[in-house]
Amino acid sequence: MRTSFAAAMVCCARALWPTDVFAGRLPEGRLVLCHAHTNERLEVTYRNDLGRYDASALEDLNNFMRCNYTNRTASMDLRVIEFLNTLHKQVGGDKDIVVHSAYRSPEYQTVLIKQRGRRVARQSFHVTAQAVDFHIPGVPLRQIRQAALRLGQGGVGYYPRRGFVHVDCGPVRWW
């Protein structure tokens with residue numbers, strides 16, 4: 001019983017904070033991001049070659065991915081950052097990622113629900129800092145979606161009329 005509990009704790013810890021063990025499987029921990037709403041740009045190396053995360057760089061990422069409505073920040077889940085990074089390296093690693101939405105405060109989520117009704121998820125992974133909506137200029141959204149689905153690391157939403165793909169680190173699913 002103790003061994004099972006310990007094994008479960010190790011698995012959970014790895015899912016929440018990837019370690020050196022996974023460094024060999026992860027691409028370079030560097031992102032170049034532009035924000036669709038604020039026009040901010042961020043070039044950041046958030047993880048070194050040994051798999052160690054840079055706290056200051058993660059803070060910069062959290063600030064960049066803050067709520068557009070309230071300017072509040074949250075600690076972005078590393079799983080969604082790694083999902084975004086891996087996906088980016090596969091489809092357009094030499095181009096900037098344009099972020100449309102990442103963390104959303106509960107207040108902003110409420111506003112979106114009132115404005116858009118059923119088209120906004122009531123239990124959004126954006127509110128828990130586990131989702132990013134983005135596009136990569138010059139890379140078709142269909143190609144981004146297909147690559148994200150092949151990775152099988154979480155949810156993938158396809159919004160061609162709105163001009164972005166959604167990825168999150170929740171259960172594997174698509175829409």
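No value in this document is a laboratory result; all are computed from the given coordinates. In this text, all values refer to a predicted model and were calculated from it rather than measured experimentally. Note that we place each Cβ from the backbone using ideal geometry, even for glycine, and neighbour counts take in every protein chain shown.
See the values below:
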quantity: Chain lengthening between Glu40 and Arg122 when straightened (0.36 nm per residue, less Cα-Cα); calculated: 26.7 nm
quantity: Degrees between helix 2-16 axis and first principal axis of the chain (Cα, 0 to 90, nearest 10); calculated: 40 degrees
quantity: Angle between the chain longest axis and helix 106-116 axis [Cα atoms, degrees, rounded to 10]; calculated: 40 degrees
quantity: Three semi-axes of the equivalent ellipsoid, segment 69-175, Cα gyration tensor, whole Å, largest first; calculated: 22, 15, 13
quantity: Principal axis dimensions, largest first and in whole angstrom, of segment 37-129 by Cα; calculated: 44, 27, 25
quantity: Nearest-ten-degree value, helix 78-91 long axis tilted from longest Cα axis of the chain; calculated: 70 degrees
quantity: Packing rank of 25-32, 152-159, 165-172, where each peptide gets the mean count of other beta carbons within 10 Å, highest leading; calculated: 165-172, 152-159, 25-32
quantity: Length released on extending from Asp54 to Asn71, taking residue separation times 0.36 nm less the Cα-Cα span; calculated: 3.9 nm
quantity: Extension gain from Leu26 to Ile113, taking 0.36 nm per residue of separation minus the Cα-Cα distance; calculated: 27.7 nm
